[in-house]
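The structure under discussion appears below in the form of structure tokens.
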Amino acid sequence: MIIGNLKKLVNNSDKIFNLVLLVVIAAVCFVWAVEETLEVIFDYDRFGYITSILVLAACFGLSTFAKKARLARVVTFIYLTSYLLFLLIITFLQAANTGNIYTMASTLLWVPLIYVVSFLFLPNKQAIISAIAIYCLMLVLLFLAHADVFELNNTVLQALLLNAALSQGVCIFCLFGVIKLKMTRDASDLRAEKMERAANIDGLLGIANRRMLQHQLNTVVTGYSPASLLLIDVDHFKDINDTHGHLVGDDILRELTQCIQKSLRPQDTFGRWGGEEFLVIANGTELSSAESLAQRIIDKVAKHSFAIVGRVTVSIGVAQFYTGKSSSHTFANADKALYEAKRMGRNRVVTASLDLD
């Protein structure tokens with residue numbers, strides 16, 4: 001249960017964003033309380049903490065209640081970037097003039113948060129541009145500290161800025177790696193999805209193929225709810241191919257697929273068993289209801305006007321799954337019922353009313 005919830009959280013960027021906001025708000029409150037207790041807080045820090053809590057709380061409400069997570073992300077990034085960069089410049093000037101590097105050091109600790117937020121919640125291109133731009137400002141401050149522009153003699157501040165520049169450079173490099181891994185994973189997931197689709201979807205009709213249907217049949221056998229099979233065959237389909245060609249035959253199958261799908265219910269599984277044979281797994285359906293569903297399909301197809309050939313009909317054999325019987329046994333019952341429907345003149349439904357051996 002816990003692992004499943006964690007996976008859902010990881011795959012939901014909006015929830016992660018909301019969680020990050022709460023964590024940052026809690027951290028700001030804690031730092032504010034500590035600095036007040038130790039009496040090392042400046043007036044602009046106090047004002048900044050209050051403003052940050054209000055802005056981040058507003059972004060949390062915008063994302064959670066107004067369902068405008070995208071806007072909340074942009075506002076959060078702009079605010080954090082503006083605030084921390086402004087604070088970075090102010091504290092740098094203060095440290096250069098007074099030699100007190102505490103506020104400068106505490107600000108530098110928070111700057112990587114901008115990189116993390118940008119890489120987590122902005123598009124890759126915008127995140128990279130933002131990170132490089134912010135880091136360039138860090139390099140400018142490092143240059144000023146070592147170029148004697150402010151006649152600095154504070155070697156501790158110079159060393160601090162050098163360490164911050166190196167650590168933040170490594171942080172950005174690691175985040176680049178995270179993006180690369182994410183892009184690689186997304187590409188792999190896309191390829192896997194395409195392969196899964198190719199393995200389970202009929203290339204001509206875009207519905208389940210025999211492999212996927214067989215998997216669904218095995219699943220139905222292990223379930224506890226009733227289910228039935230509808231085995232559908234197109235009447236005289238060989239004559240259509242011989243008279244009009246296989247391309248027209250393919251078009252008929254596509255049109256027939258759409259026609260049948262309109263008669264099905266959301267819980268039904270529909271696919272191509274092979275050639276001109278189709279299979280419907282009527283989940284949660286006993287024999288009488290499955291027969292009604294099959295008759296609805298028969299009527300729908302018979303009333304439909306197909307391109308070029310006009311009228312097309314289908315025959316359907318219906319069988320119900322029985323406890324203790326395999327899927328192949330149920331399929332054999334449906335196949336016998338279909339054979340009987342074709343023998344009786346086609347364009348009809350026949351049900352395997354008994355559990356045939």
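Sort out for me the Cα centre separation of segment 12-55 from segment 213-279, rounded to whole Å.
If we compute the Cα centre of each part, the gap is 60 Å.
Which listed residue (318, 279, 257) has the Cα farthest towards the positive end of the charge dipole for segment 210-351, taking +1 on Lys and Arg C-beta and -1 on Asp and Glu C-beta about the Cα centre?
Comparing the listed Cα positions along the dipole, 318 ranks first.
Which of 228, 59, 177 sits farthest toward the positive end of the charge dipole of the chain, with +1 on the Cβ of Lys and Arg and -1 on the Cβ of Asp and Glu?
Value: 228.
Under 5 Å between amide hydrogens, which residues at least 5 positions from residue 314 or on another chain qualify, with H placed 1.01 Å from N in the peptide plane?
235, 347
If you put +1 on each Lys and Arg Cβ and -1 on each Asp and Glu Cβ, how big is the dipole of segment 1-121 around its Cα centre, in Debye rounded to 20?
Value, rounded to 20: 840 debye.
To the nearest 20 debye, what charge dipole does segment 88-196 have about its Cα centre, counting +1 at the Cβ of each Lys and Arg and -1 at the Cβ of each Asp and Glu?
300 debye
So, counting K/R as plus one and D/E as minus one, what does the shell of residues with Cβ under 14 Å around residue 126 add up to?
Summing Lys and Arg as +1 and Asp and Glu as -1 gives +3.
Which aspartates and glutamates does residue 300 reach when only Cα atoms under 15 Å apart count, and residues fewer than 8 places away in its own chain are ignored?
Correct list for residue 300: 233, 235, 255, 291.
Please identify the chymotrypsin sites (Phe, Trp or Tyr not before Pro) of segment 160-225 that satisfy two criteria: DSSP loop assignment and at most 15 other Cβ atoms within 10 Å. Which are they?
224
Have a look at 41, 128, 308 and tell me which one the Gaussian network model of the chain (Cα, springs below 10 Å) gives the largest fluctuation.
In the Gaussian network model the winner is 308.
Where in the chain are the helices, taken as whole DSSP H runs, whose Cα atoms extend 30 angstrom or more along the long axis and whose Kyte-Doolittle mean reaches at least 0.0?
For the chain, where a helix must reach 30 Å along its axis and average at least 0.0, the hits are 13-38, 43-64, 69-98, 124-146, 155-200.
Take the alpha-carbon centre of segment 300-357, take the same for segment 75-91, and report the distance between them in whole Å.
70 Å
Classify segment 2-197 from the C-alpha gyration tensor, please: rounded if a/c falls under 1.5, else prolate or oblate depending on whether a/b exceeds b/c.
oblate
Any idea what the dipole of segment 151-276 comes to, in debye rounded to 20, about its Cα centre with Lys/Arg Cβ at +1 and Asp/Glu Cβ at -1?
For segment 151-276, the charge dipole is close to 520 debye.
For the pairs 194/262; 15/68; 67/125; 67/182, flag any whose C-alpha to C-alpha distance is greater than 18 Å.
194/262; 67/125; 67/182
Which lysines, if any, have their Cα less than 21 Å from the Cα of residue 325, not counting same-chain residues under 8 positions apart?
Within the straight-line limit of under 21 Å, residue 325 reaches these lysines: 336.
Taking only Cα atoms and a 10 Å spring cutoff, compute GNM fluctuations for the chain and point out the largest among 331, 60, 30.
30
Quick one: which of 94-103, 314-323 comes out on top by average Cβ neighbours within 10 Å, and what's the full order, highest first?
Top to bottom by mean Cβ count within 10 Å: 314-323, 94-103.
Every read-out reported here was derived from the displayed coordinates using simple, explicitly stated rules and does not represent laboratory data. Worth saying up front: this structure is predicted, and the values here are computed from it rather than measured. Here Cβ is always computed from backbone atoms with ideal geometry, including for glycine, and neighbour counts include all displayed protein chains.
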